[in-house]
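Engineer: Sharing a structure below in structure tokens format, with a few things to ask.
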Amino acid sequence: MTRSAAEVLQEPAARRREQRSWYFYDWANSAYVTTTLTVLFGPYLTSVAKQAACPGISSDAVCRANLSVLGIPINPGSLALYTITLTTLISALLLPVVGALIDRLGRKRTFLAGFAWVGALAASAMWFVTGDDWVLGAVLQMIASLALGCSLVVYDAILIDIATPDERDAVSSRGWAVGYLGGGLLLALNLVVVQAHAAFGLTQAGAVRLSLLSAGVWWAVFTLIPYLGLRDRPPGDVVPEPGRGLLGGAFGQLATTLRDLRGYPQTLRFLVAYLFFNDGIQTVIAAASIFAAEQLGLPQSQLITSILVVQFVAFGGALLFGRIARRTGAQRAILASLVLWVAVDAVGFVLPAHRFGLFLALAVLIGVVLGGSQALARSLYSQLVPRGREAEYFSLYQSAERGTSWSGTLLFGLVFQLTHTYRAAIVALVVFFLVGGVLLARVDVRRGIVDAGNEAPAVV
């Protein structure tokens, strides 16, 4: 006889087993997020694009010639940022439909693994990006990142199936912490390969490509743990619309969700707040490696070391903010983290070039707040989601993440193209953190939990 998800939630041993398996998807995908998206692929794609626009140019020289994309002139230094921009725009449109489909079909574990393995295949194929083949690089980055976004919709929705309301801040924080640890470990290995590439018989470009391949393989292999350790559950309580196929019903359900969202004003207010403050966070993540390499003049070895510091500090930071949330509630803990993000932004604006020690100190501060703000945002939102519609609502969460995160990277790209400096664009990020913080402070979390029909945790 099949037991319901609620019955399994009442069994602590079953919850802990699934939670441990669930953590490992953060461990799996963080290799791609850290090694590929955050550190290596942006500068590498930029260098490949420079070779296409300015053949024979040194990797650290400025290329003022443009690439042509459908007749639009694109500076090579902006290509990676524009690729992220286009990907996030597509994600914002795609993910809500994916979420509605998952709630109709169930089988979250199966879809999680399927999306992950598509993304891992594209990430591994970045090994073949050589010479001036910037088109292949941009396409693979888009496929891998879109698949990652789809998998995270499912992954986040599973949190509600495996954790009680009082457990979610801690479980979400542990997931982020495990992810930072896994991403950091692989990045440490890749740091050795890139710095000592000659000892391995590799060029620096070859070492970067090998590191990109390792991130894709890591993502694929470790996804086996949640695939084998989690269990599929029946679909949520979504009533199919008569006369519509699966895809048509998903679009219809999405329209219903957007209408219903007005009946959950606190959930809607949180999503708008998240849309703003997460934009600032995602822009820092996406642009940090390009900013450090191109604006501050830091070599790739120092850049990887800095990101590695962020990873391991973020492991402790996520756990620390989980403990803070246990005492103060997730909302207050996130607001505190946003104050620290404003400090990060201010320090980054005045940071002098070629000062690795100062950049490393800034990396420590970023690590402290990075995991905590993201983990607690996820767990706080989970309290505001109606049961049975987890993937549907978490698709809106992921879409909110991408809904304006393109604007930060677009701003960086446009400012660079106009001024040939990334530094001025940092000022704009303060607005995202301030507006997001003000909106978040206005969310009545307890009322939102009650409106969604959920049980409130002991500390809100």
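The values are calculated or read from the model by the stated rules, or taken from the named source; none is laboratory data. On a predicted model such as this, the values are computed, not experimentally measured, just so you know. For neighbour counting, all protein chains shown are included, and Cβ atoms are generated from backbone atoms with ideal geometry for every residue, glycine included. Calculation scope for accessible area: heavy atoms of the full protein, side chains included, ligands and nucleic acids excluded. Shrake-Rupley method; radii C 1.70, N 1.55, O 1.52, S 1.80 Å.
Engineer: Does residue 110 fit the bill of being buried (at least 24 other Cβ atoms within 10 Å of the Cβ) and of a type in the set (Ser, Thr, Tyr)? If you could, list the steps in order and put the result at the bottom.
Structural biologist: On the way: buried (at least 24 other Cβ atoms within 10 Å of the Cβ): no; of a type in the set (Ser, Thr, Tyr): yes.
No.
Engineer: Return the only residue of 134, 127 being farther than 18 Å from residue 81 by Cα and touching a residue at least 60 places away in the same chain (Cβ under 8 Å). Please lay out each step first, then the result.
Structural biologist: Numbers: 134 fails: farther than 18 Å from residue 81 by Cα.
Result of the check over 134, 127: 127.
Engineer: If you don't mind, another one. Within 19 Å of the chain's Cα centre (by Cα) and surrounded by 23 or more Cβ atoms within 10 Å (Cβ to Cβ), is that true of residue 146?
Structural biologist: Values: within 19 Å of the chain's Cα centre (by Cα): yes; surrounded by 23 or more Cβ atoms within 10 Å (Cβ to Cβ): no.
Here the answer is no, as residue 146 does not meet what is asked.
Engineer: Can we say residue 151 is of a type in the set (Ser, Thr, Tyr) and open to solvent by less than 10 Å² (accessible area, probe 1.4 Å)? Don't jump to the end; show me each part of the working.
Structural biologist: Values: of a type in the set (Ser, Thr, Tyr): yes; open to solvent by less than 10 Å² (accessible area, probe 1.4 Å): yes.
Here the answer is yes, as residue 151 does meet what is asked.
Engineer: Using the structure shown, decide if residue 151 is at pLDDT 90 or above and hydroxyl-bearing (Ser, Thr, Tyr). First the steps, then the outcome.
Structural biologist: Numbers: at pLDDT 90 or above: yes; hydroxyl-bearing (Ser, Thr, Tyr): yes.
Yes: the conditions hold for residue 151.
Engineer: OK, next. As an exercise: evaluate residue 280 against (1) modelled with pLDDT of 80 or more; (2) surrounded by fewer than 20 Cβ atoms within 10 Å (Cβ to Cβ) and give the number of the one condition it does not meet.
Structural biologist: For residue 280, the exception is condition (2).
Engineer: Restricting attention to region 365-392, and to residues there that are modelled with pLDDT under 90, outside any helix (DSSP H, G or I) and not small (Gly, Ala, Ser), which single residue is surrounded by the fewest Cβ atoms within 10 Å (Cβ to Cβ)?
Structural biologist: 387
Engineer: Is at least one residue of region 86-93 touching an Asp or Glu at 6+ places or on another chain (Cβ under 7 Å), of a type in the set (Ser, Thr, Tyr) and at pLDDT 80 or above?
Structural biologist: Looking through region 86-93, none of the residues is touching an Asp or Glu at 6+ places or on another chain (Cβ under 7 Å), of a type in the set (Ser, Thr, Tyr) and at pLDDT 80 or above.
Engineer: Kindly check whether there is at least one residue in region 319-337 that is free of Cβ contacts under 8 Å to residues at least 24 places away in the same chain, hydrophobic (A, V, I, L, M, F, W, C) and touching a helix residue (DSSP H, G or I) at 6+ places or on another chain (Cβ under 8 Å).
Structural biologist: Checked region 319-337: at least one residue is free of Cβ contacts under 8 Å to residues at least 24 places away in the same chain, hydrophobic (A, V, I, L, M, F, W, C) and touching a helix residue (DSSP H, G or I) at 6+ places or on another chain (Cβ under 8 Å).
Engineer: Being polar (S, T, N, Q), under 26 Å from residue 399 (Cβ atoms) and modelled with pLDDT under 85: is that true of residue 58 here?
Structural biologist: Here the answer is no, as residue 58 does not meet what is asked.
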